[in-house]
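Encoded as structure tokens, the structure appears first; notes follow it.
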Amino acid sequence: MLKKKITIINIIIWVFLVLTVIIFNIFINQHNYEVNRINTKEKVVMLTFDDGPGLADEKILDILKSEKVKATFFQTGVNLALYNRETEIKEILNRMIKEGHALGNHSYSHQKYLFKQKLLIDELQKTNSLIKNIYQANNQVIKDADIPIRMPYLQHYQGLNYVQQKLKIPFWIRGYLGTDYEEGKTGKKTILKQYKTHLKPGIIYVAHSRDYAQFWLRDLIIWLKNQGYQFASFNKADPSYYLNYGELVN
Ligand SMILES: [Zn+2]
């Protein structure tokens, strides 16, 4: 009799735990959902470059082109606004689109937005408009829902839930961040080591549109190819589109 009671209590506890996990998952999926990788067992990585567009992208694009690799560039609005003022930036952005890379939103002014939800919403909308205009100038149409968003400094806090719901942002793109942005301190060897040691199927690598990328990017790509890896992007119109490999998950 006692044994039976214990079994029933055990079952109740298990059902309760399973339900809690399910409810918790639903909550996480609906609010403040941050993704770091593609849910896949296939050997695929995503290369992403933040803080452009800038002149450093020219060398990055040359390497990506010669290695036949597609990437995603998370741009700030302040830099995108140079499209109509600086020929070189215009050419770089047109090249990104023509060569099959994807443009993402990295805010307008690249600051910390804690307690500045209204500013963040305005900036994300403003940057998305710039991105849509640049696609349009290249005879392509992109919807807001298809523009990936990455917060500057990969910042995250509860207040982002509100912004996410308000703008119907499916998820915030994060990923593995090393210290490629401190190239002076880090150096090529360590930058490569950081990415190599964090390699796993589906990982999103965060890098930056910086001159120093020309010294390590090709080596990383060649090493990844030797490991049997392919490269995914956020370009819906390209075979490299991430959904061809799997959903994005935390
Ligand atoms: Zn940034």
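What residue, of Y229, Y157, Y181, is within 18 Å of H110 (Cβ to Cβ) and surrounded by 15 or more Cβ atoms within 10 Å (Cβ to Cβ)? Walk me through it before giving the result.
Numbers: Y229 fails: within 18 Å of H110 (Cβ to Cβ); Y157 fails: surrounded by 15 or more Cβ atoms within 10 Å (Cβ to Cβ).
Just one listed residue meets the conditions, Y181.
Output the residue which, of all residues in segment 88-104 that are part of a loop (DSSP other than H, G, I, E, B) and at negative phi, is surrounded by the fewest Cβ atoms within 10 Å (Cβ to Cβ). Step through it out loud before you land on a result.
Looking only at segment 88-104, we keep the residues that are part of a loop (DSSP other than H, G, I, E, B), and these are 99-101.
With the extra rule that they be at negative phi, the set shrinks to 99, 101.
Numbers: E99: 15, H101: 27.
Looking at residues that are part of a loop (DSSP other than H, G, I, E, B) and at negative phi, I get E99.
Does segment 115-130 hold any residues that are acidic (D, E) and either under 16 Å from F49 (Cα atoms) or away from the ligand (no atom under 16 Å from the Cβ) (or both), and which are they? Give the derivation first.
Step one: of segment 115-130, the residues acidic (D, E) are 122-123.
The one that is acidic (D, E) and either under 16 Å from F49 (Cα atoms) or away from the ligand (no atom under 16 Å from the Cβ) (or both): D122.
Is it fair to say K112 is among the charged types (D, E, K, R) and either more than 16 Å from the ligand (Cβ to nearest atom) or within 17 Å of V206 (Cα to Cα) (or both)?
On the way: among the charged types (D, E, K, R): yes; either more than 16 Å from the ligand (Cβ to nearest atom) or within 17 Å of V206 (Cα to Cα) (or both): no.
In short, no.
Just to be sure I understand, how many residues within segment 105-121 are surrounded by fewer than 13 Cβ atoms within 10 Å (Cβ to Cβ) and either in contact with a helix residue (DSSP H, G or I) (Cβ under 8 Å, 6 or more places away or on another chain) or closer than 18 Å to L80 by Cβ (or both)?
1
Condition check ((1) among the basic types (K, R); (2) in contact with a Phe, Trp or Tyr (Cβ under 8 Å, 6 or more places away or on another chain); (3) modelled with pLDDT of 95 or more) across all residues:
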site: D57; (1), (2), (3): no, yes, yes
site: I63; (1), (2), (3): no, no, yes
site: E67; (1), (2), (3): no, no, yes
site: K70; (1), (2), (3): yes, yes, yes
site: T76; (1), (2), (3): no, yes, yes
site: R85; (1), (2), (3): yes, no, yes
site: I97; (1), (2), (3): no, yes, yes
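When the residues of segment 1-35 are narrowed to those that are out of contact with any Phe, Trp or Tyr (no Cβ under 7 Å at 6 or more places or on another chain) and not in a helix (DSSP H, G or I), which ends up modelled with the highest pLDDT? Full working, then the answer.
Of segment 1-35, the ones out of contact with any Phe, Trp or Tyr (no Cβ under 7 Å at 6 or more places or on another chain) are 1-32.
With the extra rule that they be not in a helix (DSSP H, G or I), the set shrinks to 1, 31-32.
Working: M1: 64, H31: 56, N32: 77.
It comes out as N32.
Only residues that are in a helix (DSSP H, G or I) and either farther than 22 Å from Y212 by Cα or within 16 Å of the ligand (Cβ to nearest atom) (or both): list them for segment 58-81, please. So that I can check it myself, show each step before the final result.
Our first condition is that a residue be in a helix (DSSP H, G or I); within segment 58-81, this holds for 58-66, 77-81.
Selection gives I60, G77, V78, N79, L80, A81.
Identify, from the list L243, L224, the residue that is without any contact (Cβ under 8 Å) to a residue 60 or more places away in the chain and aliphatic (A, V, I, L, M). Full working, then the answer.
Values: L224 fails: without any contact (Cβ under 8 Å) to a residue 60 or more places away in the chain.
Exactly one of L243, L224 is without any contact (Cβ under 8 Å) to a residue 60 or more places away in the chain and aliphatic (A, V, I, L, M), namely L243.
Pull up segment 41-57, narrow it to residues that are more than 18 Å from W223 (Cα to Cα) and within 16 Å of the chain's Cα centre (by Cα), then point me to the one that is farthest from the ligand (Cβ to nearest atom). Give the derivation first.
We begin by selecting, within segment 41-57, every residue more than 18 Å from W223 (Cα to Cα); these are 41, 49-57.
Adding the requirement that they be within 16 Å of the chain's Cα centre (by Cα) leaves 49-53.
Numbers: F49: 10, D50: 4, D51: 4, G52: 10, P53: 13 Å.
Here the answer is P53.
With the requirement that a residue be under 19 Å from I60 (Cα atoms), among the polar types (S, T, N, Q) and more than 16 Å from the ligand (Cβ to nearest atom), what does segment 195-223 give you?
Q214 - this is the single residue of segment 195-223 that is under 19 Å from I60 (Cα atoms), among the polar types (S, T, N, Q) and more than 16 Å from the ligand (Cβ to nearest atom).
Just checking, does segment 193-214 include any residue being part of a helix (DSSP H, G or I), out of contact with any strand residue (DSSP E or B) (no Cβ under 8 Å at 6 or more places or on another chain) and aliphatic (A, V, I, L, M)?
no
For residues in segment 132-171 being in contact with a Leu (Cβ under 7 Å, 6 or more places away or on another chain) and within 13 Å of the ligand (Cβ to nearest atom), which is farthest from Y241 (Cα to Cα)?
Among those residues, the one meeting the criterion is L154.
The values are calculated or read from the model by the stated rules, or taken from the named source; none is laboratory data. Only a predicted model underlies this, so the values are computations on that prediction, with no experimental measurement involved. Glycine also receives a Cβ, built like all others from the backbone with ideal geometry; neighbour counts cover every protein chain displayed.
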